[in-house]
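> Take a look at the following structure, please.
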Amino acid sequence: MSRSVSRALGLVTTLALAVPVAASIPAHAQEPGRSGPATAARAVSPISLWAPAKATAYTYRHKAWTDLGLRIIAEGTPFEIRAHRPSYDEGIVATWSSGTGDVTLPDSSMSDFSGLERFVTLTIDPKKKGEDTQTVTRKACLNGYSERVRVDAPATSPYPVGCWYNPYSLGSVQGIQTGWASPILAQERPLKIGAGNYTVTATITPHYATFFGLTPAEATRTIDLTVTDDTGGEGVDRATHSTAPRPADHRPTGPQGRAGDGPVPDLRSLPAWGINMAENGNFLRFSATVWNAGNSPLVVDGFRRDGEDEMDAYQYFFDADGTQTGYQDVGHMHWDPKPSHQHWHFEDFARYSLLDKDEVEAVRSKKEAFCLANTDAVDLTVPDAAWRPENTDLSTSCGDYSSLSIREVLASGWGDTYTQYRAGQSFDLRGLPNGTYYIAVVANPEGNLVEASTDNNVALRQIKISGKPDHRKVTVPQVGIIEEEQYGGTG
């Protein structure tokens, strides 16, 4: 089981300055092109651009992984951008929640939900004579690992950590808490430069700078970058992990059910994606996402049977205040001992089938058990969406062999994606004729889970299989205007 998660790759960048405390730098101390927050812009702009005067990075095979220390600081009020796709035939509409109301961002500000397109331009000027200047333009994700930079800023931030990629996501929220700073460049896209000294000029591109009220000087920062060769270096995973909600310490007692008409999850399926044929032409590979559009998280606790590699699974219900209101027996979890798994699987979450042209099942995927985790932010604009869920990786959700009980959670607004990484998920095409088929992604296939509606549990994706045995190919019609990656993963 492979996951689609947001990761920060690359080598550590060492900044020459500590965490900025922007309020301590007076406006008269700022000069155009110098590092530091553009304090004078606070009267007209909700943000300021910050950068260290100097930064150090490391290069490996002529590639330097660094975010240059660039930060956006939210001034005065939280800086929040919400985006939504009305349908797969339409582009993304992004709005800025300004102090006086919602303002629509310029067209094409977001082509997907991984950030603002063409937000910052970097001019990289080598100090060594004879080398060419480079200019690159990058998108920006405002949901970095933000930090409080003012002593009077709120103690916590409600905004997500990361911009997730799924080609069929429907909505996102990006934001920076008031008085907090967030990095805007991802490190998984390296700069193509070697060891040496550089002057880097970072500029918020004019259409964003104008939109948010930044002057050209306020939208520009200059950094002295020193790049050191590190042929033996290793990338450092900067992602941090939090602890998942603890399961109950004993099996539930009392009558099953939930009290009243409280919140419940609503499981929905996205179209299969990342579809391709295995090299031998016998197996059809794909990625699949089931997500929760309801006003409550899906919470499933498992309790181990004495002396068995099996757990009894229960879905728990909560009111709007998070108080538990009931439970329901929803099946089982089992221990998967295969080397590529070795964790606990819930058996009744999803089902993948290949249907023929008459929508009759021709092949069923052997992938029929799942470890629930919030891998993809599908639509953080739905009511009661969790912007900062606790479990966004497998290490917090799936337990180990010694586990006596575990909790698996799918938060509101989030999806659980399974990419074609481990054996068992693909469809075996041997003996199957060429023709038109449908990949069916079915949520809650046995109807054991309690949810708001089961009318939206199935998504069909049409494909066409052709070619000779052992050399077949698959043709996948595009869904609306969506351009997806050839193979599943995160952007």
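The values are calculated or read from the model by the stated rules, or taken from the named source; none is laboratory data. Given the structure is predicted, the values throughout are model-derived calculations rather than measurements. Heads up, the Cβs are rebuilt from the backbone with ideal geometry, glycines too, and the neighbour counts pull from every protein chain shown.
> Looking only at the stretch 213-236, count every residue that is closer than 30 Å to Ile47 by Cβ and either modelled with pLDDT of 90 or more or exposed (fewer than 10 other Cβ atoms within 10 Å of the Cβ) (or both) and tell me the total.
The qualifying residues number 15.
> Another question, if that's okay. Quick one: which strands (runs of 3 or more DSSP E) lie wholly within the stretch 416-476 and hold at least 1 residues that are under 19 Å from Glu279 (Cα atoms) and hydrophobic (A, V, I, L, M, F, W, C)?
458-468, 471-475
> Another one. List every residue pair whose Cβ atoms lie under 6 Å apart, where the two residues are 6 or more positions apart in sequence or sit on different chains, the first residue falls within the stretch 122-144 and is closer than 27 Å to Ala377 by Cβ, and the second residue, located anywhere, is of a type in the set (S, T, N, Q) and part of a strand (DSSP E or B).
Thr137/Thr121; Leu142/Gln174; Leu142/Ser182; Asn143/Gln174; Gly144/Ser182
> Turning to a different aspect of this structure: Could you please give the count of residues in the stretch 175-202 that are closer than 23 Å to Thr59 by Cβ and surrounded by 20 or more Cβ atoms within 10 Å (Cβ to Cβ)?
Count: 10.
Here's the yes/no breakdown for (1) hydrophobic (A, V, I, L, M, F, W, C); (2) within 20 Å of the chain's Cα centre (by Cα); (3) surrounded by 13 or more Cβ atoms within 10 Å (Cβ to Cβ):
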| position | (1), (2), (3) |
| --- | --- |
| Leu68 | yes, no, yes |
| Gly76 | no, no, yes |
| Phe79 | yes, yes, yes |
| His84 | no, yes, yes |
| Glu90 | no, no, no |
| Gly99 | no, no, no |
| Ser109 | no, yes, yes |
| Gly115 | no, yes, yes |
| Asp125 | no, no, yes |
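> Could you tell me whether Val161 is within 17 Å of the chain's Cα centre (by Cα), among the β-branched types (Val, Ile, Thr) and outside any strand (DSSP E or B)?
In short, yes.
> Has the stretch 279-286 got at least one residue that is assigned to a strand (DSSP E or B) and among the small types (Gly, Ala, Ser)?
For the stretch 279-286, residues assigned to a strand (DSSP E or B) and among the small types (Gly, Ala, Ser): absent.
> Suppose we filter Ala181, Ala217, Ala155, Ala209 for residues that are part of a loop (DSSP other than H, G, I, E, B) and closer than 30 Å to Asp379 by Cα; which single one remains?
None of the others qualify; the one that does is Ala155.
> When the residues of the stretch 181-199 are narrowed to those that are more than 23 Å from Asn143 (Cα to Cα) and of a type in the set (A, V, I, L, M), which ends up nearest to the chain's Cα centre (by Cα)?
Among those residues, the one meeting the criterion is Ile193.
> Do you know which of the residues in the stretch 313-341 that are among the charged types (D, E, K, R) and either modelled with pLDDT under 90 or in contact with a helix residue (DSSP H, G or I) (Cβ under 8 Å, 6 or more places away or on another chain) (or both) is nearest to Pro445 (Cα to Cα)?
Among those that are among the charged types (D, E, K, R) and either modelled with pLDDT under 90 or in contact with a helix residue (DSSP H, G or I) (Cβ under 8 Å, 6 or more places away or on another chain) (or both), it is Asp336.
> Has the stretch 369-386 got any residue that is of a type outside the set (D, E, K, R), surrounded by fewer than 22 Cβ atoms within 10 Å (Cβ to Cβ) and farther than 28 Å from Gln256 by Cα?
Looking through the stretch 369-386, at least one residue is of a type outside the set (D, E, K, R), surrounded by fewer than 22 Cβ atoms within 10 Å (Cβ to Cβ) and farther than 28 Å from Gln256 by Cα.
> With the structure loaded, tell me whether Ser172 is closer than 30 Å to Tyr58 by Cα, outside any loop (DSSP other than H, G, I, E, B) and in the same structural domain as Leu49 (by TED's automatic domain parsing) or whether it fails that test.
no
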